[in-house]
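Let me begin by presenting the structure, written as structure tokens, before commenting on it.
The values are calculated or read from the model by the stated rules, or taken from the named source; none is laboratory data. Predicted, not measured: the structure shown is a model, and the values here were computed from it. Glycine also receives a Cβ, built like all others from the backbone with ideal geometry; neighbour counts cover every protein chain displayed. Quick note on the areas: whole protein, heavy atoms, side chains included, nothing else; ligands and nucleic acids left out. Shrake-Rupley method; radii C 1.70, N 1.55, O 1.52, S 1.80 Å.
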Amino acid sequence: MNKQKYKLPDISIVTCSYQQGRFLDATMRSVLDQRHINVEYIVIDGGSTDGSTEIIRRHAEHLAYWVSEPDGGQTEALIKGFKHSTAEIQGWLCSDDLLLPGALKTVALFFASHPNIDAVYGDSLWIDSTGHYLRPKKEIGFNRFTFLFDHNYISQPSMFWRKRLYDKVNGLDASFNLAMDADLWERFSQHTKIAHIPQYLSCMRYYPEQKTRALRPKGVIEDNKIRQRSGYVLSKLHPILAPLAKMQRILMKIMAGGYHAKPSAKQLASLKHYLISGEAS
């Protein structure tokens, strides 16, 4: 039986970075190593002084656009990057995360075969500061109640969307410093079905200096802001509904096999290409 052939869409990836030189080369290579897909890669650096500019210059011939200059932080840098984005599909990769081999082809195939879906996310692997595997992050399908009243469980580097959707919701909101991704996903969910690909697409680092860990209390404030303006009539009942949402997420994750998932040996082997030397694992 002949397989239907699809014209694969181009994908724009934006990487924002500031003083992340120790991770940046591995991050950029994980994007540039993607095969069988046209990638428009954009790198926005906030004026780093740690050698990041030299790393970006090494890869400059493969970039659609890059700049290193002071900015107002991560969200502003991402907004700047997406203004240069022209591809049909978009996503961003923080300068300490990685794409797994074949991730963008998987994403492109999904969008090509699902023309009526404008946003999709996959699963991730947690890695340490040197790039060694810690554990999987296999997630459930999108459930707006769970998302709003438990937590943003979507793996940000495994989330992709059509440019038309990003433009429709007016893109990222510069007033968010930590929950800019959750804010964007919530606004996406008001206009499209958010789909889930049950495959590992990216790696997220877990280490003490990580921004979302260090500034978690401020993140809670931003989460509350999203919940309150979401239009959800029960948003004021968060303290009561949060335990129910958590229970629902746990049950859904059990049913999806999320607590016993294991990446393939091939995926784990691919991590060795992006290990960072000079640090204890």
#### Entry: Selection count where residues are in contact (Cβ under 8 Å) with a residue 24 or more places away in the chain, in a helix (DSSP H, G or I) and not aliphatic (A, V, I, L, M), scope the stretch 226-255
7
### Query
Somewhere in the stretch 67-88, is a residue under 25 Å from residue 188 (Cα atoms), among the hydrophobic types (A, V, I, L, M, F, W, C) and over 16 Å from the mean Cα position of the chain (by Cα)?
yes
### Message
Return the residues of the stretch 174-209 that are out of contact with any Pro (no Cβ under 8 Å at 6 or more places or on another chain), buried (at least 22 other Cβ atoms within 10 Å of the Cβ) and polar (S, T, N, Q); say none if nothing qualifies.
### Response
none
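Among 171, 131, which is among the small types (Gly, Ala, Ser), within 24 Å of residue 268 (Cα to Cα) and either in a strand (DSSP E or B) or open to solvent by less than 20 Å² (accessible area, probe 1.4 Å) (or both)? Spell out the reasoning first.
On the way: 171 fails: within 24 Å of residue 268 (Cα to Cα).
Exactly one residue qualifies, and that residue is 131.
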### helices (runs of 4 or more DSSP H) wholly inside the stretch 1-116 that include at least 2 residues being open to solvent by 50 Å² or more (accessible area, probe 1.4 Å) and closer than 22 Å to residue 181 by Cβ
74-83
### Leading residue by the ranking (farthest from the chain's Cα centre (by Cα)) among those in the stretch 148-173 that are at pLDDT below 95 and farther than 20 Å from residue 125 by Cα
149
